[in-house]
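S.K.: First, the structure itself, so that you have it in front of you.
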Amino acid sequence: MKERLEIRSLSDLDRFLDISSPHEPEFQQAVKEVAKSVIPLLKDNDAWSRARVLERLIEPDRIISFQVAWEDDDQCLRINRGYRVQTNNAVGPYKGGLRFHPSVSQSVLKFLGFEQIFKNSLTGLPLGAGKGGADFDPSTCSDREVMRFCRAYMAELVRHIGEHTDVPAGDIGVGAREIGYLYGAFVRLQNRNEGSLTGKGASYGGSPLRPEATGYGVVYFAQSVLAHDSDEIKDKVCAISGAGNVALHCADKLIQADAKVVSLSDSGGTLYAKDGFSQERVQAIRRAKEERRVRLAELAAKNEEFLEERTPWEIECDLALPCATQNELGEEDADRLVANGCAYVVEGANMPVTAEAYSRFEQASVTHLPGKAANAGGVAVSGFEMAQNRTGKPWTREQVDKSLREVMKHIHSECVRCGEADGGIDYGKGANVAGFERVAAAMLAQGF
């Protein structure tokens, strides 16, 4: 039945997903958000319909699931579940991060891989899409345990990746330390150095600006949007969630642009600075979290307030930037932001806004900038790193930053081209349609 079902309407899609992915809510949410933009296109393009492009994008090329057995510091054997979801490689080799977190599941990775198709397509770079990870929590382990886990994980992953096949990167729980251990294991197992992972350190083939890229890209994209609205980011009050790599570098770049950043958050609550954080303060928080892995509650200064078990979305702001994780901003949060006059919601994380909250922003005419466009800066710089590894010619920090700005401007122009509606811009529709068009064209050209 699944083989014969064609998707020509949202009700067709519901039936298709009930058959193919019945217990994968995150994945279904991501697919439905894209499908409402692209299903109308299928009625006007017989070639896309005949080639079943949408159906084939929904179904990953392959899902690799494996056991990861490793030894902890007490010499006890521990078992985790590892994954690599290779979604689509019509445009280039599979490309997407690895996430180490207890919440990792097939549904989460399928949704992330599906989002990655459109994100990577929007960059204009030759990048396919994939995602991977494990239900492993590095924050609870010693450095030696993390290293042993990474080696065990790579022992299985190594047979599925390579610079022309699949190039993983980092994500939640996979930072510079984990990428270093993973790459070291790859080199030992394969006996060769190649650009098989990105996010590497500068001393062994990494790109300048890679740690900052996603957060900086969020700001560059937001600046393009505001400029299109004849506005600027200077003096705008910005509420940010998260306190990881994306959130902190996003805050840093916003402050450089003379915006006022008033919040960061973690699972314990929100760190609120009524008068705004300074650049030095954000950098001090980043160092403390990197060196001591502390919670924000332990870092509150005398001119700051820690709002225990509360989110940033009750704070009055011009821009809300969810940079933590999926579905972190719900309908009640959206209502608070609307009531407090928020004008822009800029996704620094992947699908951080629930479907219900998305609808509230649409009803209130709040400009919503989807993660597949706004946070594509990280994968863009990963693409630059791949180019540097292949040519053996490193780029300067200035070259990378200039190219990152150009990619984010390109993504904005593509969203505008495909998202014009009722005299304004629907950035969600624009990102979905522009990303879909490029991948669909590649699939048809190759006879998929």
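S.K.: Could you run the Karplus curve 6.51 cos²θ - 1.76 cosθ + 1.60 with θ = phi - 60° over segment 26-34 and give me ³J(HN,Hα) per residue in whole Hz, x for Gly and Pro?
M.R.: 5, 5, 4, 4, 5, 5, 5, 5, 6
S.K.: Still on this structure: What is the extension gain from Ala421 to Val294, computed as 0.36 nm multiplied by their sequence separation minus the C-alpha to C-alpha distance, in nm to one decimal?
M.R.: 41.2 nm is the gain from fully extending Ala421 to Val294.
S.K.: Let me ask something else. Which GluC sites (Glu not before Pro) from segment 299-387 combine a DSSP loop assignment with at most 15 other Cβ atoms within 10 Å?
M.R.: Those satisfying the criteria are Glu309, Glu316.
S.K.: Could you compute how much accessible surface His412 exposes when probed at 1.4 Å, giving the result in Å² to the nearest 10?
M.R.: 20 Å²
S.K.: Using a 1.4 angstrom probe on heavy atoms only, work out the carbon and sulfur share of the accessible area of the chain in %.
M.R.: For the chain, the apolar C and S fraction of the accessible surface comes to 45 percent.
S.K.: Amide H of Arg78 versus every other amide H placed in the peptide plane: which residues, excluding those fewer than 5 positions away on the same chain, fall under 5 Å?
M.R.: Residues meeting the amide H criterion: Trp70, Glu71, Asp72.
S.K.: Distance cut-off 32 Å, Cα to Cα: go down the list Lys95/Lys289; Lys36/Lys289; Lys36/Lys409; Lys110/Lys409 and report the pairs above it.
M.R.: Numbers: Lys95/Lys289 28 Å; Lys36/Lys289 40 Å; Lys36/Lys409 25 Å; Lys110/Lys409 28 Å.
Pairs exceeding the cut-off: Lys36/Lys289.
S.K.: Still on this structure, I have one more. Test of understanding: in a Gaussian network model of the chain with alpha carbons linked when under 10 Å, which of Ala227, Ala129, Ala90 would top the mean-square fluctuation ranking?
M.R.: Sorting by GNM fluctuation, first place goes to Ala227.
S.K.: Just to be sure I understand: with springs between alpha-carbon atoms less than 10 Å apart, which residue in Pro208, Pro352, Pro40 has the highest mean-square fluctuation in the Gaussian network model of the chain?
M.R.: Largest GNM mean-square fluctuation: Pro40.
S.K.: Given the rule -39500 (n - 2.57) for each run of at least 4 DSSP H residues, summed and divided by the residues of the chain, what is its mean residue ellipticity at 222 nm, to the nearest 500 deg cm²/dmol?
M.R.: Theoretical 222 nm ellipticity from helices: -15000 deg cm²/dmol.
S.K.: Continuing with this model, one more query. What residues have an amide H closer than 5 Å to that of Lys236, excluding those fewer than 5 places away on the same chain, when H is modeled at 1.01 Å from N in the peptide plane?
M.R.: For Lys236, whose amide H was placed from the backbone, the distant partners under 5 Å are Lys260.
S.K.: Could you give the accessible area per residue of the chain, probe 1.4 Å, as a whole number in Å²?
M.R.: On a per-residue basis, 41 Å².
S.K.: Can you sort Ser49, Ser105 by 1.4 Å-probe accessible area, starting with the largest? Don't jump to the answer; show the numbers that get you there.
M.R.: On the way: Ser49 15, Ser105 35 Å².
From most exposed to least exposed: Ser105, Ser49.
S.K.: I need the shape label for the chain. Rule: rounded when a/c is under 1.5, else prolate if a/b > b/c, else oblate, with a, b, c from the alpha carbon gyration tensor. Display every interim value, and only then the final one.
M.R.: Details: a/c = 1.41, a/b = 1.02, b/c = 1.38.
Here the chain falls in the rounded category.
S.K.: With springs connecting C-alpha atoms under 10 Å apart, model the chain as a Gaussian network and identify which of Arg148, Arg192, Arg286 has the largest mean-square fluctuation.
M.R.: Checking each option, the largest mean-square fluctuation is seen for Arg192.
S.K.: Would you please give the residues with an amide H less than 5 Å from that of Gly199, counting only those at least 5 places away or on a separate chain, with H modeled from the backbone geometry?
M.R.: Ser207
S.K.: Just to confirm the filter: which trypsin sites (Lys or Arg not before Pro) across segment 1-72 are DSSP coil and have at most 14 other Cβ within 10 angstrom of their Cβ?
M.R.: Listed in order of number, the matching sites are Lys2, Arg4, Arg8, Lys43.
S.K.: Moving to a separate point now. Assuming a ≥ b ≥ c are the square roots of the Cα gyration tensor eigenvalues, decide whether segment 204-355 counts as rounded (a/c under 1.5), prolate (otherwise, with a/b larger than b/c) or oblate.
M.R.: Cα axes put segment 204-355 in the rounded bin.
S.K.: Further question: Whenever you get a sec, line up Asp231, Asp401, Asp74 from highest to lowest accessible area (probe 1.4 Å, protein heavy atoms).
M.R.: Numbers: Asp231 65, Asp401 35, Asp74 120 Å².
Largest to smallest exposure gives the sequence Asp74, Asp231, Asp401.
S.K.: What is the Cα centroid distance between segment 92-161 and segment 1-52, reported in whole angstrom?
M.R.: For segment 92-161 versus segment 1-52, the Cα centre distance is 25 Å.
The values are calculated or read from the model by the stated rules, or taken from the named source; none is laboratory data. Since this is a predicted model, take the numbers as computed values, not measurements. Methodologically, a virtual Cβ is constructed for each residue, glycine included, from the backbone with ideal geometry; neighbour enumeration extends over all protein chains shown. What goes into the accessible areas is simple: the full protein's heavy atoms, side chains included, and nothing from ligands, DNA or RNA. Shrake-Rupley method; radii C 1.70, N 1.55, O 1.52, S 1.80 Å.
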